[in-house]
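Can you read through this structure? Questions will come right after.
The values are calculated or read from the model by the stated rules, or taken from the named source; none is laboratory data. A quick note: this is a predicted structure, and the numbers were derived from the prediction, not measured. All Cβ positions, even for glycine, are placed from backbone atoms using ideal geometry, and neighbour counts span all protein chains on display. Heavy atoms of the whole protein, side chains included, go into the accessibility calculation; ligands, DNA and RNA do not. Shrake-Rupley method; radii C 1.70, N 1.55, O 1.52, S 1.80 Å.
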Amino acid sequence: MKLLIRGAGVTGLTLAHELASRGADVTVVDIKRQIAGNASWQAGGMLAPWCELESAEDAVLTLGRGAADWWDAALPGHVMRNGTLVVAPARDVAELDRFGRRTSGYRAIDAEAIAALEPDLEGSFTRALFFADEAHLDPRRALLRLQQKLVGMGVRFEFGYGAVHQPSCDVEADCTGIAGRQPELRGVRGEMLILKTSDVSLARPVRLLHPRVPVYIVPRSGNLFMVGATMIESDAAGPISARSVLELLNAAYALHPAFGEAELVETGTGIRPAFTDNLPRVEREGNTIRINGLYRHGFLLAPAMARQAAVMILGTEMEKERADEAHH
């Protein structure tokens, strides 16, 4: 069976993996010239289903709790299972209590335990929440490595505007995110920074709570730290705003003053696709499957949505084959 996947972001690549693993003939096309520059490329890469309950429905936990295992199986060595640390400045400690009431899967820890987990934060915070079962990965390394693995599995890739027109297929999967322009789909703009400093060391993502601008800081190799991300109800592309740069830098500085001397090596924006309920959907219309609406949970929810779509695609095709055999 021949399958065409439109979109080489995290959703398209995870679906390609699920289908190719089941023996399907898969081609992935994307109008971009390479795997870079989309919303997935700008992601934090946090596999944090319990933390996300702070502003998400229970379905995000249900769908996302197996994500770390999926990524670990698909790309051994890429997942870092060090948990998530959630902190708040002393003046905003009420935010920590509110976060705890809305989430689960954590233990409350004191200053001594914070210092044991993150020595560079010693003396900075008196209380925190530690989500020990959460994980993270470097999304850019994961996307590139997953594409490389898929090529080895026989998946074909076509990039650029010439990839729009492809030969006929049995099933087409639309994984193009905000470009899909589905009814009810809206764009939520996210902006981020990447800082470089050897004066700070973190072993895990740290979420800094603030009533107005809660942010997260995610460590990456090479003394890099991803700082994100704003959530602006807009599908306007373009460079990051000066205000967002200031807010994200201020938050990083509040976590550790050494970030004030860090190099600002990159800024970026991405438009996240979301439906009105902020939950993802897998929908079928004829021979077209659509996966969309992963919102701010791309790497977290893509494996579960890809599994659902693969079962929908291959299960339906197997039923057709059985019906054809019975007919003949």
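Tell me, what is the FRET efficiency for Ser198 and Arg243 to the nearest 0.05, using R0 = 35 angstrom and their Cβ-Cβ distance as r?
The value I calculate is 0.75.
For Lys32, go through the aspartates and glutamates and keep the ones whose alpha-carbon is under 19 Å away, minus same-chain ones fewer than eight residues off.
In chain and number order, the partners are Glu158, Glu172, Asp174, Asp235.
Take the solvent-accessible surface of the protein heavy atoms, probe 1.4 Å, and return the percent of it on the chain that carbon and sulfur atoms account for.
49 percent
For helix 93-102, what angle does its Cα long axis make with the longest principal axis of the chain, in degrees from 0 to 90 and rounded to 10?
Relative to the chain, helix 93-102 is tipped by roughly 30 degrees.
Keeping every protein chain present and rolling a 1.4 Å probe, give me the accessible area per residue for segment 14-131 in Å².
The answer is 44 Å² per residue.
Looking only at the chain, where both bridge partners belong to it, what percent of the DSSP beta bridges are antiparallel (to the nearest 5)?
Of the beta bridges lying entirely in the chain, close to 70 percent run antiparallel.
Summing +1 for each Lys or Arg and -1 for each Asp or Glu, what net charge is found among the other residues whose Cβ lies under 14 Å from the Cβ of Leu53?
Around Leu53, the surrounding residues sum to 0.
Same structure again: Looking only at Cα atoms, what is the convex hull volume of the chain per residue, in Å³?
Residue-normalised Cα hull volume stands at 134 Å³.
Ranked highest first by the average count of other Cβ atoms within 10 Å around their residues, in what order do 248-260, 96-108 fall?
My ranking of the peptides, most packed first, is 248-260, 96-108.
Determine, from the Cβ-Cβ distance of Arg33 and Arg102 and an R0 of 45 Å, the FRET efficiency 1/(1 + (r/R0)^6), rounded to the nearest 0.05.
The calculated FRET efficiency here is 0.60.
Next up: Quick check: the angle from helix 242-255's long axis to the longest principal axis of the chain, C-alpha only, nearest 10 degrees?
Between helix and principal axis, roughly 60 degrees.
Please list the non-local residues whose amide H lies under 5 Å from the amide H of Phe157, H modeled 1.01 Å from N, same-chain partners needing a gap of 5 or more.
Counting only residues 5 or more places away or on other chains, the set is Val28.
What value does segment 162-235 have for Rg/Rh, both radii from Cα atoms and Rh as Kirkwood defines it?
Taking Rg over the Kirkwood Rh, I get 1.17.
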